[in-house]
Amino acid sequence: MNTDKKLLLVPKVLFGNVFLKIFNTLSYMKYAVIIEKGEKNYSAYIPDLPGCVSTGDTIEEIKKNILEAVEFHIQGMKEDGEPIPKPTTLSDYIEVAA
């Protein structure tokens, strides 16, 4: 789980003078993405964000689409006052004889 804190500087106009104000700290979270190949396209979902899914014709498209889906999903959760789940899903690969 990787969470890096970043500072967001937002210009604030006060009596005609511009000041830089530390508006908030943003937490960047790293979520596991599951990408599956279908018959005609790809689908992706985020196990830690139930209901957050997307599709695409190519791997590049599905990566772009799932990122947009996550941003939209989290924005909706914030607007609804819901807590944003921390990433807990781990993924790895194993090798087996086939």
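Determine the pairs where a residue that is of a type in the set (D, E, K, R), located within the range 26-49, has a partner that is part of a strand (DSSP E or B) with Cβ atoms under 7 Å apart, the partner being 6 or more residues away or on another chain.
Glu36/Tyr42; Glu36/Ser43
Residue-wise test of (1) outside any loop (DSSP other than H, G, I, E, B); (2) under 28 Å from Tyr93 (Cα atoms); (3) modelled with pLDDT of 95 or more.
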position: Met1; (1), (2), (3): no, yes, no
position: Lys6; (1), (2), (3): yes, no, no
position: Leu20; (1), (2), (3): yes, no, no
position: Phe23; (1), (2), (3): yes, no, no
position: Glu36; (1), (2), (3): yes, yes, yes
position: Ser43; (1), (2), (3): yes, yes, yes
position: Asp48; (1), (2), (3): no, yes, yes
position: Glu61; (1), (2), (3): yes, yes, yes
position: Ala69; (1), (2), (3): yes, yes, yes
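Looking at the range 71-85 only, could you name the residues that are more than 19 Å from Ile35 (Cα to Cα) and in a helix (DSSP H, G or I)?
Scanning the range 71-85 gives Ile74, Gln75, Gly76, Met77, Lys78, Glu79.
Give the residue that is farthest from Ala69 (Cα to Cα), with candidates limited to residues of the range 29-52 that are in contact with a helix residue (DSSP H, G or I) (Cβ under 7 Å, 6 or more places away or on another chain) and surrounded by 16 or more Cβ atoms within 10 Å (Cβ to Cβ).
Tyr42
Select from the range 67-98 the residues that are aliphatic (A, V, I, L, M) and under 16 Å from the mean Cα position of the chain (by Cα) and list them in ascending order.
Leu67, Ala69, Val70, Ile74, Met77, Ile84, Leu90
Taking into account only those residues within the range 50-59 that are in a loop (DSSP other than H, G, I, E, B) and over 17 Å from Lys30 (Cα atoms), which is nearest to the chain's Cα centre (by Cα)?
Gly51
For the range 53-98, give me each residue that is of a type in the set (Phe, Trp, Tyr) and either touching a residue at least 24 places away in the same chain (Cβ under 8 Å) or surrounded by 10 or more Cβ atoms within 10 Å (Cβ to Cβ) (or both).
The answer is Phe72, and nothing else.
The values are calculated or read from the model by the stated rules, or taken from the named source; none is laboratory data. All of these numbers come straight from a predicted model, not from anything done at the bench. Here Cβ is always computed from backbone atoms with ideal geometry, including for glycine, and neighbour counts include all displayed protein chains.
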